[in-house]
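As structure tokens, the structure follows; a few thoughts come after it.
The values are calculated or read from the model by the stated rules, or taken from the named source; none is laboratory data. Quick caveat, the model's predicted, so the values are computed rather than measured. Cβ: placed from backbone, ideal geometry, glycine included. Neighbour counts: every protein chain shown. These accessible areas exclude ligands, DNA and RNA; they are computed on the full protein's heavy atoms, side chains included. Shrake-Rupley method; radii C 1.70, N 1.55, O 1.52, S 1.80 Å.
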Amino acid sequence: SAAVQRGALFDDTNTSVDCAPRHDREETPPAYRRECTAAGFDLGEFVRRHFEMVTPAAKGYVSPPGQRMAEHIDGLWDVLTRHPSRHPKRGSALALPHPYVVPGGRFVEMYYWDSYFTMLGLSASGRHDLLHAMTDNFAYLIDTFGFVPNGTRTYYLSRSQPPVFALMADLCETCRGQGAICYVPQLLREHAFWMEGAAGLRPGQTHRRLVCLPDGAVLNRFWDDRDTPREEAWREDVATAALSDRPAQEVYRDVRAAAESGWDFSSRWLAHMPHETNRLRVLASICTTRIEPVDLNALMHKLEASIARLA
């Protein structure tokens with residue numbers, strides 16, 4: 001994977017990590033090691049031979065001329081719906097029990113907080129079947145991993161996204177779905193994920209997604225359990241860290257934490273805005289883990305209020 005990224009084999013660095021191996025995982029690495037030192041080795045040909053490329057969602061789709069916007073959106077739901085039974089056998093997509101809607105284009109997996117806004121659209125379109133299926137998918141992810149990953153790929157398992165499952169449960173209930181009370185176990189488990197380590201924090205201390213203020217109040221921040229370049233943006237992250245005077249691991253963590261926020265990337269996470277046109281040089285000042293965002297903490301309040309109401 002690193003060789004593919006370093007070689008800029010694909011214009012979009014996300015492409016390589018979504019390729020599904022055509023053979024068992026035990027076969028491809030030895031084949032690469034055997035062939036990579038041979039004269040005339042073609043990395044692109046090797047990847048095409050050993051991996052299945054991902055087709056962008058809705059590629060080539062054209063809505064009928066003259067459609068109203070609402071009709072265009074209604075027509076896209078089935079185009080953007082994915083069925084877990086059709087996942088590539090060896091790919092990075094996480095197993096899910098129910099169909100789900102993807103954002104489209106290069107994004108062919110389900111994302112956490114993006115999906116809440118998709119679900120608002122499904123509600124307006126009367127597609128309650130998909131809305132309920134997606135809510136149950138998120139409940140399944142919490143049951144399986146203890147939290148909702150950023151997206152339904154294996155390389156997203158070190159971070160989440162803004163906790164909107166309580167909003168999803170409410171929406172499901174208002175659309176003739178099962179009552180939000182059915183999701184209390186998942187709401188409690190998501191809360192435990194975001195508050196892990198709170199009991200032992202003292203003023204001025206931090207732990208994962210928590211910051212203890214001087215007065216003892218505990219607030220949440222965005223975080224990622226890994227401090228390495230993101231698999232889906234390896235080349236860009238390495239270049240960003242190289243432009244910073246901080247340790248690379250700090251930059252990687254802050255970039256990953258910004259990805260957990262869903263605001264990737266916004267000037268709200270930057271320590272300063274240099275008069276620069278180089279995007280990566282600007283991004284090198286990122287300091288996400290030093291900020292306790294009001295929107296995240298408002299969502300945590302919503303989560304806690306929902307648990308209290310349902311209890």
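Results, tabulated for the structure shown:
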quantity: Filtered residues of segment 172-198 (kept if farther than 18 Å from ILE142 by Cα and modelled with pLDDT of 95 or more); calculated: GLY197, ALA198
quantity: Of all residues making up segment 263-311, the number that are at pLDDT 90 or above, of a type outside the set (Ser, Thr, Tyr) and under 30 Å from MET168 (Cβ atoms); calculated: 25
quantity: Filter result for the condition that a residue is open to solvent by less than 50 Å² (accessible area, probe 1.4 Å) and of a type in the set (D, E, K, R), over ARG189, ARG226, ARG202, ARG209; calculated: ARG209
quantity: One residue from LEU76, LEU96 being at pLDDT 90 or above and in a loop (DSSP other than H, G, I, E, B); calculated: LEU96
quantity: Enumeration of residues in segment 253-270 that are closer than 15 Å to GLU232 by Cβ and free of Cβ contacts under 8 Å to residues at least 40 places away in the same chain; calculated: VAL255, ALA258, ASP264, PHE265
quantity: Test: residue in segment 96-117 that is under 22 Å from TRP263 (Cβ atoms) and of a type in the set (Lys, Arg); calculated: yes
quantity: Subset of segment 10-26 [out of contact with any Ser or Thr (no Cβ under 7 Å at 6 or more places or on another chain), of a type outside the set (A, V, I, L, M, F, W, C), surrounded by 11 or more Cβ atoms within 10 Å (Cβ to Cβ) and at pLDDT below 80]; calculated: ASP12, THR13, ASN14, THR15, HIS23
quantity: Residue in segment 12-31 that is basic (Lys, Arg), out of contact with any strand residue (DSSP E or B) (no Cβ under 9 Å at 6 or more places or on another chain) and without any contact (Cβ under 8 Å) to a residue 24 or more places away in the chain present; calculated: no
quantity: Segment 58-83 residues that are closer than 16 Å to GLY105 by Cβ, paired with ones that are acidic (Asp, Glu) (beta carbon under 9 Å, 6 or more apart); calculated: SER63/GLU71; ARG82/GLU109
quantity: Subset tally (residues that are surrounded by fewer than 22 Cβ atoms within 10 Å (Cβ to Cβ) and under 20 Å from VAL102 (Cα atoms)) for segment 148-161; calculated: 4
